[in-house]
Amino acid sequence: FTFEHLLAKAFFTVTSNTEGGYYYTVTDITVSNYASGVYTIADETWAPGAAKNVAFGNIEEVTDADTNGKTNATQMLLVPTTNTFNVTFTADLYKDGTKLGTETKTIPVENDLVKGNVYNFKIALSVGEEIKFTVTNNPTWAGNTDVTIQ
C-alpha cells in the first residue's frame with residue numbers, strides 16, 4: 001500500500017545577512033491569484049477552480065544569527081497547479097528597534113506545484129541589495145507537522 005498526498009505543501013523561509021543591530025521583519029506573506037480546485041478520482045487529475053488568496057502570516061526579527069533563516073509556522077496544503085500565481089510580502093528593516101524602511105514586493109511564481117511535493121519559498125534579504133526570491137522543491141514529505149488546508 002503506497003500512500004500519496006493529493007496536495008502540495010508550501011511554506012516560507014526568510015534569510016538575512018544583516019549584523020550590527022540590523023534585522024528584518026516580513027509581514028503579510030500571501031500567495032495570491034491561486035486556483036482552488038476539484039480532484040477527479042477516476043483520472044487522478046486536478047481541475048483548477050476560482051482564484052483565491054492564501055495568507056501565510058509573518059516572520060519576525062530575522063538576523064544573520066539565524067543561520068538557516070526563519071520559517072513561518074503556517075504551512076499550507078495547496079492544490080497542485082501549473083498556473084502562474086503571485087507571492088506578496090512586506091519587508092521592514094530595523095536597526096536596534098527603529099524602523100529604517102519598508103519594501104512591499106509582488107513576485108510572479110511560474111513553478112508548477114506537483115501533488116505530494118513540498119515547496120519552500122525562500123526570501124533572502126540583505127541591506128542595500130535586491131530581495132532574492134527562490135523556490136525549492138522536495139518530492140518527499142518529511143516530518144509530521146501541523147498544516148492548514150486551503
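Calculation over all alpha carbon pairs of the chain in 10 angstrom steps from 0 returns a P(r) of 11, 40, 30, 14, 4, 1 percent. Projecting the Cα positions of Q75, T104, T136 onto the charge dipole of the chain (unit charges on Cβ atoms of Lys, Arg, Asp and Glu, taken about the Cα centre) puts Q75 furthest along the positive direction.
Build a GNM of the chain with springs between Cα atoms under 10 Å apart, and of V31, V79, V127 the one that fluctuates most is V127. Just the protein heavy atoms count here, and of the accessible area of the chain at 1.4 Å, carbon and sulfur take up 49 percent. What list of ³J(HN,Hα) couplings, whole Hz, do you get for region 15-21 from phi and the Karplus terms 6.51, -1.76, 1.60, once you set θ to phi - 60° and write x for glycine and proline? Those phi angles translate into 10, 8, 10, 6, 8, x, x Hz. Number of Lys-Lys pairs in the chain with C-alpha atoms under 14 Å apart and a separation of 8 or more places or on different chains: 5. Across region 111-128, computed HN-Hα scalar couplings (Karplus, 6.51 cos²θ - 1.76 cosθ + 1.60, θ = phi - 60°) run 6, 5, 9, 9, 4, x, 9, 10, 10, 10, 8, 9, 10, 10, 10, 8, 4, x Hz from first to last residue, x flagging Gly and Pro. Using the charge dipole of region 3-149 (Lys, Arg: +1 at Cβ; Asp, Glu: -1 at Cβ; taken about the Cα centre), state which of V114, N58, S16 has its Cα farthest towards the positive end. Sorting the options by dipole projection puts first V114. Take the Kirkwood radius over Cα pairs of region 55-104, plug it into Stokes-Einstein at 4 °C and 1.567 mPa s, and you get 95 µm²/s for translational diffusion. Evaluated with a Cβ-only charge set (Lys, Arg +1; Asp, Glu -1), region 1-80 carries a dipole of roughly 240 debye about its Cα centre, given to the nearest 20. Placing a label point 7 Å from the Cα of A65 along the Cα-to-Cβ direction, the residues of region 6-21 whose backbone N falls under 15 Å from that point are 16-21.
Could you give the dipole magnitude of the chain about its Cα centre, charging the beta-carbon of Lys and Arg +1 and that of Asp and Glu -1, in debye to the nearest 20?
For the chain, the charge dipole is close to 220 debye.
Solvent-accessible area per residue in the chain equals 55 Å², computed with a 1.4 angstrom probe and all protein chains kept. For region 1-60, the Cα gyration tensor yields ellipsoid semi-axes of 35, 16, 7 Å (square root of five times each eigenvalue, largest first, whole Å). Label N86 and I107 with points 7 Å out from Cα along Cα→Cβ: what is the distance between them in nm? Roughly 1.5 nm, to one decimal.
The values are calculated or read from the model by the stated rules, or taken from the named source; none is laboratory data. This one's a predicted model, so the numbers in the text were calculated from it and none came from an experiment. A quick note on method: Cβ atoms are made from the backbone with ideal geometry, for glycine too, and the neighbour counts reach across all protein chains shown. Ligands, DNA and RNA are stripped out before the accessible areas are found, and what is left, the full protein with its side chains, is counted by its heavy atoms. Shrake-Rupley method; radii C 1.70, N 1.55, O 1.52, S 1.80 Å.
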